[in-house]
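S.K.: Okay, handing you the structure first.
Quick note: the coordinates plus some simple rules give every number you see, no bench work behind them. Values in this document were obtained by computation on a predicted structure and should not be read as measured data. Cβ placement follows ideal geometry from the backbone for every residue including glycine, while neighbour counts extend to all protein chains displayed.
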Number of protein chains: 2
Amino acid sequence: MKKIQIKKAVSKNFKKHNHKLCYETSMKAFHKNCLEKNLKLTPLRLKVFELLLKDHRAIGAYQILDMLSKEGFSSTPPIAYRVLDFLIEQGFAHKIERFNAFIACSHPGSKHSPTFMICRKCDKVAEMCEKDSRLKLDKKSLSEFQIEESVIEIIGICKSCNQLETIKC
Amino acid sequence: MKKIQIKKAVSKNFKKHNHKLCYETSMKAFHKNCLEKNLKLTPLRLKVFELLLKDHRAIGAYQILDMLSKEGFSSTPPIAYRVLDFLIEQGFAHKIERFNAFIACSHPGSKHSPTFMICRKCDKVAEMCEKDSRLKLDKKSLSEFQIEESVIEIIGICKSCNQLETIKC
DNA sequence: AAATTAATGTTATAATATAACATTGACTTA
DNA sequence: TAAGTCAATGTTATATTATAACATTAATTT
Ligand SMILES: [Zn+2]
Ligand SMILES: [Zn+2]
Ligand SMILES: [Zn+2]
Ligand SMILES: [Zn+2]
């Protein structure tokens with residue numbers, strides 16, 4: 001039986017959608033990847049990843065610590081930063097540099113340089129897939145600089161927030 | 001008499017070059033812009049801009065404070081951050097988000113979203129001009145997100161550092 | 001000159017992140 | 001299985017980056 005995969009644009013993150021499906025798909029991929037790469041999926045790592053998946057919003061390390069504390073986990077700074085390091089290193093999460101905050105990766109499994117769209121009204125974040133975001137650099141620059149990674153963060157207003165604004169007026 | 005402007009690629013920032021010329025050109029533009037926009041070019045602002053222009057490297061706020069202190073300026077954190085805010089707001093400087101550090105703008109005069117190439121060996125930074133860096137986003141994303149600004153930071157190894165490495169081997 | 005505002009000065013503290021070392025628990029391997 | 005090893009977590013302390021709030025000074029306007 002063939003799986004039919006309906007490809008959804010990243011902009012769904014900004015709208016109402018079946019988030020349970022998002023969550024479950026990501027969580028399944030997380031489990032699968034950890035198994036394949038023989039990475040230890042500990043309760044702490046699982047919990048932090050769960051928090052990062054909550055609602056397409058980036059969260060700060062200290063917010064994570066608060067939530068860990070409420071759930072009975074130890075919650076001193078290194079606890080959060082170490083798990084975040086692990087998740088980022090393994091390609092399961094990203095840091096949003098602009099906001100010193102963290103979010104689950106939407107295309108997990110290998111390290112990559114993401115492009116984010118970030119709504120400054122609702123704070124929701126969408127990670128674009130590579131084919132939807134291409135940085136075109138001029139030939140000379142490319143020849144003189146060996147690119148290793150990139151930070152691309154687009155800040156603006158998502159359609160939902162924009163429409164709300166229009167209605168208000 | 002027509003001015004002949006020899007357009008230099010940003011990659012010059014990574015190489016030996018006539019930096020006195022860089023410095024003077026930028027400083028002249030800073031003075032001119034402040035005059036035109038009726039902005040107060042105070043000793044403090046001038047000094048901070050000067051520091052940011054030093055050598056195509058981004059510097060942190062607390063490094064700036066150290067240097068201000070050595071030059072007899074007051075040097076508590078708000079001193080630096082306020083001047084940096086002014087310079088960024090007016091389009092004379094940028095923050096490199098990835099490193100929480102600041103650098104003079106290479107195309108000053110109006111606010112814009114820069115693209116940086118940053119060498120992780122020598123820490124030198126080059127701000128690309130708009131025509132040399134274009135972010136191509138897919139149509140759907142563009143139609144569903146109103147872009148206001150972007151952070152684009154490319155990290156890698158510059159040609160000079162790369163050659164040094166090769167020679168070493 | 002008085003009033004107003006912009007810029008700078010100052011004190012305190014918030015927010016983000018890392019260093020260094022201790023403990024625990026799982027996995028080897030003898 | 002007991003000893004040894006190593007990865008993960010726990011803990012304390014501290015470093016780094018940034019802002020809030022209010023005071024003073026200098027420039028500009030009235
Ligand atoms: Zn969702
Ligand atoms: Zn990703
Ligand atoms: Zn610029
Ligand atoms: Zn270099």
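S.K.: I'm checking a number: the convex hull volume of the Cα atoms of the stretch B:46-109, normalised per residue, in Å³. What is it?
M.R.: Measuring per residue, one finds 76 Å³ for the Cα hull of the stretch B:46-109.
S.K.: Also: Among the residues of chain A, which one places its Cβ closest to the rotation axis that maps chain A onto chain B, and what is that distance in whole Å?
M.R.: That would be A:Glu97, 2.
S.K.: Next question. Hey, what number do you get for the protein assembly as shown at 222 nm if only DSSP H runs of n ≥ 4 count, each worth -39500 (n - 2.57), divided across all residues, to the nearest 500?
M.R.: Taken over the protein assembly as shown, the calculation gives -12500 deg cm²/dmol.
S.K.: Also: Which semi-axes, in whole Å and largest first, does the equivalent ellipsoid of the stretch B:12-51 have when worked out from the alpha carbon gyration tensor as the square roots of 5 times its eigenvalues?
M.R.: Semi-axis lengths for the stretch B:12-51 are 23, 11, 6 Å.
S.K.: Hey, for A:Tyr62 with labels 7 Å out along Cα-Cβ, what do the inter-copy distances come to in nm, ordered shortest first?
M.R.: Label-point distances to the other copies, shortest first: 1.6 nm.
S.K.: Here is a further query. Below 8 Å, C-alpha to C-alpha, sequence gap of six or more: please give me the relative contact order for chain B in percent.
M.R.: The normalised contact order for chain B reaches 22 percent.
S.K.: Run the label-point distances for A:Asp123 please: 7 Å along Cα to Cβ, every other copy, nanometres, shortest first.
M.R.: Here A:Asp123 shows inter-copy label distances of 3.3 nm.
S.K.: Another question, then. Ordered shortest first, which distances in nm separate the 7 Å Cα→C-beta label point of B:Lys136 from those of the other copies?
M.R.: Its label point is 0.5 nm from the equivalent points in the other copies.
S.K.: Which of A:Leu53, A:Ser160, A:Phe145 sits closest to the plus end of the dipole of chain A, meaning its Cα is farthest towards the positive end, when Lys and Arg get +1 and Asp and Glu get -1 on the C-beta?
M.R.: Sorting the options by dipole projection puts first A:Ser160.
S.K.: Mean projection of the alpha-carbon convex hull of the stretch B:2-168 over all orientations, in nm²?
M.R.: 12.9
S.K.: Then there's this: Which of A:Leu21, A:Leu53, A:Leu137 moves most in a GNM of chain A, Cα contacts under 10 Å?
M.R.: Highest fluctuation among the options: A:Leu137.
S.K.: Roughly speaking, what is the centre-to-centre gap between the stretch A:42-103 and the stretch B:15-80 when only Cα atoms are used, to the nearest Å?
M.R.: For the stretch A:42-103 versus the stretch B:15-80, the Cα centre distance is 38 Å.
S.K.: Would you mind giving the mean number of other chain beta-carbons within 10 Å of the Cβ of each residue in A:127-139, as a whole number?
M.R.: For peptide A:127-139, the averaged partner shielding equals 4.
S.K.: Among B:Gln146, B:Gln90, B:Gln63, which one moves the most in a GNM of chain B with springs linking Cα atoms closer than 10 Å?
M.R.: B:Gln146
S.K.: For each pair in B:Lys16/B:Lys121; B:Lys15/B:Lys47; A:Lys16/A:Lys159; A:Lys28/A:Lys131, compute the distance between the two Cα atoms and list the pairs where it is over 22 Å.
M.R.: Among B:Lys16/B:Lys121; B:Lys15/B:Lys47; A:Lys16/A:Lys159; A:Lys28/A:Lys131, the Cα-Cα distance tops 22 Å for B:Lys15/B:Lys47; A:Lys28/A:Lys131.
S.K.: A follow-up question, please. Any idea what the dipole of chain B comes to, in debye rounded to 20, about its Cα centre with Lys/Arg Cβ at +1 and Asp/Glu Cβ at -1?
M.R.: 780
S.K.: Pick from A:Ile64, A:Ile147, A:Ile157: which is most flexible by mean-square fluctuation in a GNM of chain A where alpha carbon atoms under 10 Å apart are linked?
M.R.: Looking only at A:Ile64, A:Ile147, A:Ile157, the biggest GNM fluctuation is shown by A:Ile147.
S.K.: Mind computing the radius of gyration and Dmax over the alpha-carbon atoms of the stretch B:1-94? Å is fine for both.
M.R.: 14.6, 48
S.K.: Another question, if that's okay. Can you tell me what the convex hull of the Cα atoms of the protein assembly as shown projects to on average, as an area in nm²?
M.R.: So the mean shadow area of the Cα hull is 24.4 nm².
S.K.: Of the beta bridges DSSP finds with both residues in the stretch A:2-168, what % are antiparallel, to the nearest 5?
M.R.: Counting only bridges with both partners in the stretch A:2-168, antiparallel ones make up about 65 percent.
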